Amino acid sequence: MRRTLGGRCVVAAAMALVSADSRIAELLAELQRLLGHTQEERSRSEHNLINIQKTHERMQTENKISPYYRTKLRGLYTTAKADAEAECNILRKALDKIAEIKSLLEERRIAAKIAGIYSDAEPPRKTMRRGVLMTLLQQSAMTLPLWIGKPGDKPPPLCGAMPAAGDYVAKPGDKVAARVKAVDGDEQWILAEVVSYSHAANKYEVDDIDEEGKERHTLSRRRVIPLPQWKANPETDPEALFQREQLVLALYPQTTCFYRALIHAPPQRPQDDYSVLFEDTSYADGYSPPLNVAQRYVVACKETKKK
C-alpha cells in the first residue's frame, strides 16, 4: 500500500512539473509582450519629453515666461505624467508576471524533489558541493524582489524588517531561520526549508538547508522565523529596514547559521547589504569587524542585547 501511495505521489509530482512548464512558457510569452509594450510606450513619450526640453531652451533664450509658454508647458507636463503612469502600469504588470514565474519555478523545484528529479544547476543537497550551495544562497539574495509600492502604500509584512502577520504560516519550500538543537545539545539558529506545517499541532517540519534529506526537525512556530520575501528600498521605505545598533539574527558569511549581531549600518541603496557586527568574544569589544549580509538573511532577534 505504501509503495502504491509513493508511486501516486511521484506521478502527481510529474504531472505538476508538466503543468508548471506549460504555464511558465505562457507567462514568458506574456512577459515578452509586456516588455515590447514598455518600449513602445517609452518611444512614444520621448517626442513629448524633447518638446519640453526645447520649450525650456526657448524660454531661457527669450528670458521670459509668457502666458503662451505657461499654457504649452502645462499641457506638455500633463501628457508626460500620463505617459509615465501608463509605462509604470505596464512595468507593474511585468513585475507581477515575473513574481508568478518565480513562484511556479519554486513549485516546480518542490515537485521535482518529490519525483526524485534533479538538475545540474541544483543537485540533491546531500550530494551538493559546499561552494555550489553558497552560490545558490547568494543568488537567492540577489534575486529577492524589491518592494515597489504605489504612492501612499506601506511596505507589507515580510518586506525587509517588517515582521510576518500573526497568523502567517510559511509555505512548503519557503526558507526560514529555525532554532534547533545541535549534536552537542546546544541550540542554534540555522537556515532551513519548510517541508510542511501541522495546524493541529501548530508545528513545522523543516529540513536543514545544509543537510537536506539527512536531518528533519519538528519545531513549534516560535522556533521558526520566516525570511523576508521582498527587499525594502532605503530611498522610499527606510522605515522597513533595521536601524543602526538594532539587535538582529544574521547569516554569517559562507555559513548556513544565523548569529546575533548589531546593525552597523543599514543599506543606503536598493542593491546594498546591511553592515553588521557579529557578537564575538575573541574581540576586545565583543563584536567582530563590520561584515556585509544581504537583506534576505537578516531577521529580528527577540532576545535582549548582551550587557
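Tabulated data for the structure shown
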item: Residue match in segment 235-255 (condition: within 21 Å of the chain's Cα centre (by Cα), surrounded by fewer than 21 Cβ atoms within 10 Å (Cβ to Cβ) and within 24 Å of S103 (Cα to Cα)); result: no
item: Of all residues in segment 14-59 being without any contact (Cβ under 8 Å) to a residue 40 or more places away in the chain and charged (D, E, K, R), the one that is farthest from K97 (Cα to Cα); result: R58
item: Options Y204, Y197; residue that is part of a strand (DSSP E or B), in contact with an Asp or Glu (Cβ under 9 Å, 6 or more places away or on another chain) and aromatic (F, W, Y); result: Y197
item: Output for segment 293-307, where each listed residue is surrounded by fewer than 21 Cβ atoms within 10 Å (Cβ to Cβ) and out of contact with any strand residue (DSSP E or B) (no Cβ under 6 Å at 6 or more places or on another chain); result: A300, K302, E303, T304, K306, K307
item: Qualifying residues in segment 68-85 (those that are exposed (fewer than 15 other Cβ atoms within 10 Å of the Cβ) and of a type in the set (A, V, I, L, M, F, W, C)) - the one nearest to P172 (Cα to Cα); result: A84
item: Residue within segment 110-126 that is modelled with pLDDT of 90 or more, farther than 16 Å from G173 by Cα, out of contact with any helix residue (DSSP H, G or I) (no Cβ under 7 Å at 6 or more places or on another chain) and assigned to a helix (DSSP H, G or I) present; result: no
item: Some residue of segment 227-236 being in a loop (DSSP other than H, G, I, E, B) and closer than 25 Å to D280 by Cβ; result: yes
item: Matching residues, segment 256-284, being in a loop (DSSP other than H, G, I, E, B) and either exposed (fewer than 14 other Cβ atoms within 10 Å of the Cβ) or among the charged types (D, E, K, R) (or both); result: Q268, R269, Q271, D272, D273, D280, T281, S282, Y283, A284
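The values are calculated or read from the model by the stated rules, or taken from the named source; none is laboratory data. Everything quoted here is computed from the prediction, not taken from an experiment. Positions of Cβ are backbone-derived with ideal geometry, glycine not excepted, and every protein chain shown enters the neighbour counts.
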